[in-house]
Amino acid sequence: MELPTTAFSRAVAPLLGAIERLTGWLWLVLLAIIILNVSARQLLGEGFIQFEELQWHLYAAGFLFGIACACKSDAHVRVDVLREGWSPRTRAWIDLYGILLLLLPFILLVIVYGIPFAHSSFVSGEISQSPGGLPWRWIPKALLPLAFIFLLLAALARLSQVAAFLFRNPPQAEGARDAR
């Protein structure tokens with residue numbers, strides 16, 4: 001289903017595109033760190049906890065920012081077996097209600113509870129519990145609300161497009177089309 005672009009979706013597209021590109025590079029960095037850590041384990045007989053923790057942090061960041069990328073490009077998981085038989089308008093209505101009733105409330109909950117979660121970690125100076133682990137545990141925790149803010153922008157852009165599709169040019173009744 002091709003949705004019209006809106007002023008809001010055009011306004012946030014450059015930012016979401018930058019997040020998409022950054023996320024792509026993040027996966028490459030993660031891959032390099034995994035190869036480096038595995039090589040160190042095989043060649044030196046010793047792994048590095050810093051690399052392992054960095055892998056977890058990068059994987060979490062890639063996944064979290066990837067959610068916003070999937071929403072932006074409408075590439076998220078669906079039950080396509082059912083969706084294929086629906087008309088574009090029915091799909092748009094399902095998207096509208098899904099965004100309004102499920103996605104937006106969930107995003108807002110994560111942001112509202114994620115900010116104090118990250119702030120508490122920052123204030124307490126939380127570090128890894130592992131000896132030799134990474135400091136600044138607040139950074140990966142802060143990625144949670146940050147990524148959901150980007151997801152919020154992507155969801156609002158999608159919502160504006162779906163609303164434009166549904167409400168700008170409503171379908172005419174069968175008899176009204178031919179009336180002049």
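The values are calculated or read from the model by the stated rules, or taken from the named source; none is laboratory data. These numbers were taken from a predicted model, which means no experiment stands behind them. Methodologically, a virtual Cβ is constructed for each residue, glycine included, from the backbone with ideal geometry; neighbour enumeration extends over all protein chains shown.
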Looking at (1) aromatic (Phe, Trp, Tyr); (2) in a helix (DSSP H, G or I); (3) out of contact with any Lys or Arg (no Cβ under 8 Å at 6 or more places or on another chain), which is the only condition Phe117 fails?
-> (3)
Does Glu53 count as touching a residue at least 24 places away in the same chain (Cβ under 8 Å) and either out of contact with any Lys or Arg (no Cβ under 7 Å at 6 or more places or on another chain) or surrounded by 13 or more Cβ atoms within 10 Å (Cβ to Cβ) (or both)?
-> yes
Of (1) farther than 25 Å from Ile139 by Cα; (2) among the hydroxyl-bearing types (Ser, Thr, Tyr); (3) exposed (fewer than 13 other Cβ atoms within 10 Å of the Cβ), Ser9 satisfies all except one. Which?
-> (3)
Picking from Ala70, Ala40, Ala92, the residue that is surrounded by 14 or more Cβ atoms within 10 Å (Cβ to Cβ), out of contact with any helix residue (DSSP H, G or I) (no Cβ under 6 Å at 6 or more places or on another chain) and closer than 20 Å to Ala163 by Cα would be Ala70
Note on the stretch 6-58: residues assigned to a helix (DSSP H, G or I) and acidic (Asp, Glu) are Glu20, Glu52, Glu53
Small (Gly, Ala, Ser) and either modelled with pLDDT of 90 or more or on the phi > 0 side of the Ramachandran plot (or both): does that describe Ala75?
-> no
Please tell me if Arg137 is charged (D, E, K, R) and more than 19 Å from Leu58 (Cα to Cα).
-> no
Does Leu143 qualify as being surrounded by 13 or more Cβ atoms within 10 Å (Cβ to Cβ) and out of contact with any His (no Cβ under 9 Å at 6 or more places or on another chain)?
-> no
